[in-house]
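The values are calculated or read from the model by the stated rules, or taken from the named source; none is laboratory data. Owing to the predicted nature of the structure, the values given are computational and were not obtained by experimental measurement. Positions of Cβ are backbone-derived with ideal geometry, glycine not excepted, and every protein chain shown enters the neighbour counts.
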Amino acid sequence: MKTRQFWYPLPERLIAQHPAEKRGSEKMMVLHRATGVVEHRHIADIVEYITANDLLVVNDTKVFPARLIGEWPDTHGAIELLMVNAAPMDADDERPSMTAGTDSLRWNCIIGSGRKCREGQVASFGPAGELKATLLKPLSGIGMWQVEFSCDRPLMDLLDEFGRTPVPPYVKREGTAEEEKEDRERYQTIYAREVGSVAAPTAGLHFTPEIFAALDAKGVRRVAVTLHVGPGTFRPVKADNIEDHHMDFEAFTVPPETAAMSALTGKVASPLGAKVPSVPAPKKFPVDDSMFLYRATAGKGVRKTEIVRGPNIATVPKGVPLAASYTAVCAIKVGDKITTDHIMPAGARLKFRSNIPQYAKFVFEPCDPGFHDNCMANKASGLANVIVAGESYGQGSSREHAALCPMYLGVKAVIAKSIERIHRANLINFGIVPLLFENPKDYDKIDAGDRLELRGIRAAVEGDGVLEVKGPKGTFRVKAELSERERHLVLCGGLLASL
């Protein structure tokens, strides 16, 4: 098929530079396929054309402020960077992936600069240069590079402060704060949930809560998929034949319930209210254990057997029972949305994961390179270490080492405004007490290096979980909400110590 078959005149004056004043008031053209009749309506009228038998599939991807304007510190030359997709810290694949979260510090980016880019160059972004980007390697595609960011605060927090919304190239912007505020709100669907797009799924921009309420009342079912839209959506088609146009990779996920129902019906279908055929269980399950070698020592072990470990494999340390009280030091104070990648870097450091004393040297390396040495000095002096954090501490992957290594360094408690569920479970499994501020404002009463008295912490864990902590700026209350099993593990010093 020839590309020229799709050419049509579109005067620039007809390309909207700003959204309609009210979301949902935009025009909508309706083509009746049976008759060829064209109607001009408004998007709110779409309710008339969707029936109760239809399934509405929406893309819940969320646009983030992925465009950065900065400079090369050595020349003060300008650089513009567009973050395309997060790259796994330990992978070389440049294609978009859903396994690398937005908390990753390694990204595939498009770079615009007047100078020739080379590996190892460092660019800085932000009013005070608080975000650095190191060029790692060029990728396929014009201007595409893999870069690694370094910052003292969560990357997404910095993007919220000084990143810019990557609107389409045909939408002109002067870079004003008013324009950015408008784009943050309106270049986003109302159901956007999963961060990762550099372009909005534009058809969905016009839906409003009122339209969805009308569709719900009509009995229209709605499911979501996640497809992170990349910059390829704006790539001009230059090939003579449509089939020769190169399409960029885009990562997507489909909820398992939607995928299962679609597989059963042969089309995209809603799992809600569906009749799922029953599958009868077999009367007998075949068992094939012919590959097992049974010995007299099976399940008993062999006494005095020597375990030979390689040079980079060390014994996994066990926790010790929770003491009655601790005199502790605030070993580090971090802000909101600290990820497990901040706590326990992966990438090149992951090779030490079987050697906890060595791997622990890199705990909080992106935030405080001296954290390990300070903790070990406190531990040698008989002081416990405490981590103080803001909201949503421990985001990201379920990295057990982000609790195991701090436990080895003598961390006895994490005091935070909130702790993510999976990381909280890991802390408990390694005997670290997860404590939450009763009053989040008490976070401001602690500074890094402060001495903290955790008097009666064991009794608090055994009781209602409430503990009064004494610091240089006064006392404050924290609480550990633990189940019976969790309480037992913390008191024992963790899961391994409880066995």
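Residue pairs whose Cβ atoms lie under 7 Å apart, separated by 6 or more positions or on different chains, with the first residue in the stretch 342-355 and within 21 Å of Pro154 (Cβ to Cβ) and the second buried (at least 16 other Cβ atoms within 10 Å of the Cβ) and among the charged types (D, E, K, R), are Met344/Arg399; Pro345/Glu365. Within the stretch 347-370, if we keep just the residues that are among the charged types (D, E, K, R) and in a helix (DSSP H, G or I), the residue that is farthest from the chain's Cα centre (by Cα) turns out to be Lys361. One residue stands out in the stretch 189-204 among those that are within 19 Å of the chain's Cα centre (by Cα) and surrounded by fewer than 19 Cβ atoms within 10 Å (Cβ to Cβ): the one that is nearest to Leu68 (Cα to Cα), namely Val195. Going by the conditions given, is Val386 at pLDDT 95 or above, aliphatic (A, V, I, L, M), surrounded by 19 or more Cβ atoms within 10 Å (Cβ to Cβ) and in contact with a helix residue (DSSP H, G or I) (Cβ under 8 Å, 6 or more places away or on another chain)? No; evaluated as a whole, the condition is false for this residue. State whether one or more residues within the stretch 254-268 are within 31 Å of the chain's Cα centre (by Cα), part of a loop (DSSP other than H, G, I, E, B), modelled with pLDDT of 75 or more and under 30 Å from Asp373 (Cβ atoms). Within the stretch 254-268, not a single residue is within 31 Å of the chain's Cα centre (by Cα), part of a loop (DSSP other than H, G, I, E, B), modelled with pLDDT of 75 or more and under 30 Å from Asp373 (Cβ atoms).
Residue by residue, here is whether (1) over 29 Å from Cys109 (Cβ atoms); (2) assigned by TED's automatic domain parsing to the domain that holds Ile242; (3) more than 33 Å from the chain's Cα centre (by Cα) holds:
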position	(1), (2), (3)
Met1	yes, no, yes
Gln5	yes, no, yes
Tyr8	yes, no, yes
His32	yes, yes, yes
Ile46	yes, yes, yes
Ala52	yes, yes, yes
Leu55	yes, yes, no
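For the stretch 387-401, which positions are among the basic types (Lys, Arg) and not in a loop (DSSP other than H, G, I, E, B)? Hits for the stretch 387-401: nothing passes. Of everything in the stretch 136-185, what is in a helix (DSSP H, G or I), crowded, with 16+ Cβ neighbours inside 10 Å and touching a Pro at 6+ places or on another chain (Cβ under 7 Å)? Give them in sequence order. Selection gives Leu159, Phe162. With respect to the conditions (1) over 26 Å from Leu495 (Cβ atoms); (2) in contact with a His (Cβ under 7 Å, 6 or more places away or on another chain), Tyr359 falls short on a single one, namely (1). Taking the criterion of being within 16 Å of Glu48 (Cα to Cα), aliphatic (A, V, I, L, M) and surrounded by 18 or more Cβ atoms within 10 Å (Cβ to Cβ), the residues of the stretch 205-226 that qualify are Ile211, Leu215, Val220. Residue-level check: of (1) among the hydrophobic types (A, V, I, L, M, F, W, C); (2) within 23 Å of the chain's Cα centre (by Cα); (3) more than 18 Å from His342 (Cα to Cα), Phe430 misses just (2).
Here's the yes/no breakdown for (1) out of contact with any Cys (no Cβ under 6 Å at 6 or more places or on another chain); (2) not β-branched (Val, Ile, Thr); (3) not in a strand (DSSP E or B):
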residue	(1), (2), (3)
Gly382	yes, yes, yes
Asn385	no, yes, no
Ala403	yes, yes, yes
Ile415	yes, no, no
Leu427	yes, yes, yes
Asp442	yes, yes, yes
Glu453	yes, yes, no
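When residues in the stretch 472-497 are screened for being touching a strand residue (DSSP E or B) at 6+ places or on another chain (Cβ under 6 Å) and touching a residue at least 60 places away in the same chain (Cβ under 8 Å), 2 of them pass.
Taking first residues from the stretch 17-40 that are surrounded by 10 or more Cβ atoms within 10 Å (Cβ to Cβ) and partners that are of a type in the set (Gly, Ala, Ser) and assigned to a loop (DSSP other than H, G, I, E, B), the Cβ contacts under 7 Å between residues at least 6 apart in sequence or on separate chains come to Glu26/Ala20.
What number of residues within the stretch 79-107 are assigned to a strand (DSSP E or B) and modelled with pLDDT under 65? Before you say what the answer is, go through the steps one by one.
Restricting attention to the stretch 79-107, the residues satisfying the condition of being assigned to a strand (DSSP E or B) are 79-86, 106-107.
Retained after the next criterion (residues that are modelled with pLDDT under 65): none.
Qualifying residue count for the region: 0.
Residues in the stretch 41-78 that are of a type in the set (Val, Ile, Thr), outside any loop (DSSP other than H, G, I, E, B) and surrounded by fewer than 18 Cβ atoms within 10 Å (Cβ to Cβ): Val47, Val57, Ile69. If you go through the stretch 148-171 and keep only what is among the hydroxyl-bearing types (Ser, Thr, Tyr) and either farther than 23 Å from Pro138 by Cβ or modelled with pLDDT of 95 or more (or both), you end up with Thr165, Tyr170.
A quick yes/no check of all residues on (1) outside the structural domain of Leu105 (by TED's automatic domain parsing); (2) without any contact (Cβ under 8 Å) to a residue 40 or more places away in the chain; (3) surrounded by fewer than 21 Cβ atoms within 10 Å (Cβ to Cβ):
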| site | (1), (2), (3) |
| --- | --- |
| Arg309 | yes, yes, yes |
| Lys318 | yes, no, yes |
| Pro321 | yes, no, yes |
| Lys333 | yes, no, yes |
| Gly370 | yes, yes, yes |
| Cys375 | yes, no, no |
| Tyr393 | yes, no, no |
| Ile422 | yes, yes, yes |
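Would you mind stating whether Gly449 is under 30 Å from the mean Cα position of the chain (by Cα) and closer than 24 Å to Thr339 by Cβ? In short, yes.
Here are some residues: Phe352, Phe371. Which one is within 30 Å of Asp160 (Cα to Cα) and of a type in the set (Phe, Trp, Tyr)?
Values: Phe352 fails: within 30 Å of Asp160 (Cα to Cα).
From the options Phe352, Phe371, the qualifying one is Phe371.
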